[in-house]
Amino acid sequence: MAEISATSFPSSSSSSALALRSSPTASLRCQNVACPKTTSSFQELSVRRSQLVGNALATGHLPAIRSSKNQAIRAVLSSDGQAADPKGAGLRGKLKKVVLAYSGGLDTSVIVPWLKENYGCEVVCFTADVGQGIKELDGLEQKAKASGASQLVVKDLTEEFVKDYIFPCLRAGAIYERKYLLGTSMARPVIAKAMVDIAAEVGADAVAHGCTGKGNDQAIITWTVRFELTFFSLNPELKVVAPWREWEIQGREDAIEYAKKHNVPVPVTKKSIYSRDRNLWHLSHEGDILEDPANEPKKDMYMMSVDPEDAPDQPEYIEIGIESGLPVSLNGKALSPATLLSELNAIGGKHGIGRIDMVENRLVGMKSRGVYETPGGTILFAAVQELESLTLDRESIQVKDSLALKYAEMVYAGRWFDPLKESMDAFMEKLTEKTTGSVTLKLYKGSVSVTGRKSPNSLYRQDISSFEGSEIYNQADAAGFIRLYGLPMRVRAMLEKGI
């Protein structure tokens, strides 16, 4: 990861140079794209990422923030006296410091002055990079400062997200309601956990988010639950502030009016007709014509994958290496979890892999229609489940599959840190410890086909399964087995016939 240092943050009263230093080992990785890999695009991505995340960066008069776990973290500290009066209470009470989940959009930009006005607090804006793309991270420093925040922290969580959240779900075989691979559900707890960590580091006594429980996007109340259950689990002493549950702002126009009143620049963006959520695992689409489940999605809606009809006419073969139930390599090359997923997103997207259109049951009971793009995840699920066919016996697969349903339900409902879910993680890890080997897949116009699988721990024995003669399996043994296995059905039939 690039190392970044700075001397000061430019403010209205002074102008200082921002010094950036990229290490020669800075990694290049493509995020959620289905496009040709060009040298220039990779270089641009590396440079722009290095400007957003690093080991530690601090400016202004406050001390630098450093991650206790050596994760990539950046803190931008304003020096123009915008912090709230520590002695003054707000209209609704008094908080010392609040860590706000911050996107730079209208809602979270308005929340900053609202928190200061209503709770007399200092606001630390927090943005997590979970692979949503560089564009969503552009200009955050200026936006946060203009909104009145005292600090902005940008933290790269991509490797942690894939290794500690995506991969456990992959190992468990967690699929919600037969289709959904839990993209958003896995991202919320890693973001919320990071907020709790930042709160401890900066001495905050509260956290806040911009999720609301109403609106056309019925998923938001589910997102709120996922955030707040994590807060409760990791630090029950933290106060949780959800402005949308307290304030009188009813919609976008009210928010714009509030922003103007408090001299907060209104972010001017082209509003999408769809509600989208993106991270390194997937991209979801909801709203507009999708609200009618009879409507076919428009071709230009998709962003991570090409239309299968437009995919290459020649199939592509890839080999996924797996160790103890988790993917570790692509075509023989060992890769980090995030890099492996990113590579598969590009490959799968090119072949139109991983498009899901479904009507799901939300946590609150209503049904919602969503379209998901999960190219790399679809490939990984196919590979891991196929290798298990070699390494797990029948009873193990059946029990694992039954627990996977509950596991997916708990993750979807935001119960990531629930003791039951953690116990199932231990079970899944033990059960799949021998699931090591490789799977060869054929990608062609939206389909993923298994063409080969091998494992040093395979329970498949060709000498036993062969149609040719075998010393281990004797056909004559079948007669006694069938008599005993079918005895309950035979007794019931005898009863019905009076025998």
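The values are calculated or read from the model by the stated rules, or taken from the named source; none is laboratory data. Just so it is clear, the model here is predicted, and its values are computed rather than measured. Counting neighbours? That spans all protein chains shown, and the Cβs are built from the backbone with ideal geometry, glycine included. Ligands, DNA and RNA are stripped out before the accessible areas are found, and what is left, the full protein with its side chains, is counted by its heavy atoms. Shrake-Rupley method; radii C 1.70, N 1.55, O 1.52, S 1.80 Å.
Okay, residues lined up against (1) of a type in the set (A, V, I, L, M); (2) over 22 Å from residue 386 (Cβ atoms); (3) open to solvent by 50 Å² or more (accessible area, probe 1.4 Å):
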site	(1), (2), (3)
276	no, yes, yes
293	no, yes, yes
307	no, yes, no
319	no, no, yes
328	yes, no, no
337	no, no, no
Practice problem: Could you please let me know if residue 233 is free of Cβ contacts under 8 Å to residues at least 60 places away in the same chain, among the small types (Gly, Ala, Ser) and open to solvent by 10 Å² or more (accessible area, probe 1.4 Å)? | Solution: no
Quiz prompt | Matching residues, segment 171-180, being out of contact with any strand residue (DSSP E or B) (no Cβ under 7 Å at 6 or more places or on another chain) and under 25 Å from residue 323 (Cβ atoms) | solution = 172, 173, 174, 175
Quiz item: Out of the residues in segment 401-446 that are within 30 Å of residue 313 (Cα to Cα) and out of contact with any Pro (no Cβ under 8 Å at 6 or more places or on another chain), which is most open to solvent (accessible area, probe 1.4 Å)?
Solution: 440
Quiz item: Within the set of pairs 6 or more residues apart or between chains, which connect a residue that is within 10 Å of residue 379 (Cβ to Cβ) inside segment 340-359 to a residue that is part of a loop (DSSP other than H, G, I, E, B) and of a type in the set (S, T, N, Q) with Cβ atoms less than 6 Å apart?
Solution: 345/32; 354/374
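Select from segment 103-119 the residues that are outside any helix (DSSP H, G or I) and open to solvent by less than 10 Å² (accessible area, probe 1.4 Å) and list them in ascending order.
The first filter runs over segment 103-119 and keeps only residues outside any helix (DSSP H, G or I), leaving 103-105.
Correct list: 104 only.
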Practice problem: Hey, can you tell me all the residues within segment 134-156 that are surrounded by 24 or more Cβ atoms within 10 Å (Cβ to Cβ) and polar (S, T, N, Q)? | Solution: 147, 150, 151
Quiz prompt | Of the criteria (1) on the phi > 0 side of the Ramachandran plot; (2) open to solvent by 10 Å² or more (accessible area, probe 1.4 Å); (3) touching a residue at least 60 places away in the same chain (Cβ under 8 Å), which one residue 131 fails | solution = (2)
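Looking only at strands (runs of 3 or more DSSP E) that fall completely inside segment 347-458, which ones have 2 or more residues that are within 19 Å of residue 165 (Cβ to Cβ)? Before you say what the answer is, go through the steps one by one.
Numbers: elements: 355-361, 367-373, 437-444, 447-454.
Once the strands (runs of 3 or more DSSP E) in segment 347-458 are filtered for at least 2 residues that are within 19 Å of residue 165 (Cβ to Cβ), what remains is 367-373.
Kindly establish whether residue 291 is among the acidic types (Asp, Glu) and under 24 Å from residue 164 (Cα atoms).
The answer is no for residue 291.
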Self-check item: Every residue from segment 447-492 that is modelled with pLDDT under 95, of a type in the set (A, V, I, L, M) and open to solvent by less than 70 Å² (accessible area, probe 1.4 Å)
Solution: 464, 478, 479
Practice problem: Please identify the pairs in which a residue from segment 90-118 that is within 16 Å of residue 139 (Cα to Cα) and modelled with pLDDT of 90 or more has its Cβ atom under 6 Å from the Cβ atom of a residue that is assigned to a strand (DSSP E or B) and of a type in the set (S, T, N, Q), counting only partners at least 6 apart or on another chain. | Solution: 102/127
Exercise. Please name all residue pairs, on different chains or six or more residues apart, with Cβ atoms under 6 Å, provided the first residue is in segment 422-445 and is touching a residue at least 60 places away in the same chain (Cβ under 8 Å) and the second residue is aromatic (Phe, Trp, Tyr).
Key: 424/407; 442/317
Exercise. Report the residue count in segment 292-327 for those that are out of contact with any His (no Cβ under 7 Å at 6 or more places or on another chain), part of a helix (DSSP H, G or I) and touching a residue at least 24 places away in the same chain (Cβ under 8 Å).
Key: 3
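I'd like the full set of residues that are surrounded by fewer than 21 Cβ atoms within 10 Å (Cβ to Cβ) and within 17 Å of residue 176 (Cβ to Cβ), limited to segment 371-389.
Start the filter on segment 371-389 by keeping residues that are surrounded by fewer than 21 Cβ atoms within 10 Å (Cβ to Cβ), which leaves 371, 381-382, 385-386, 389.
Listed by number, the residues that qualify are 371, 381, 385.
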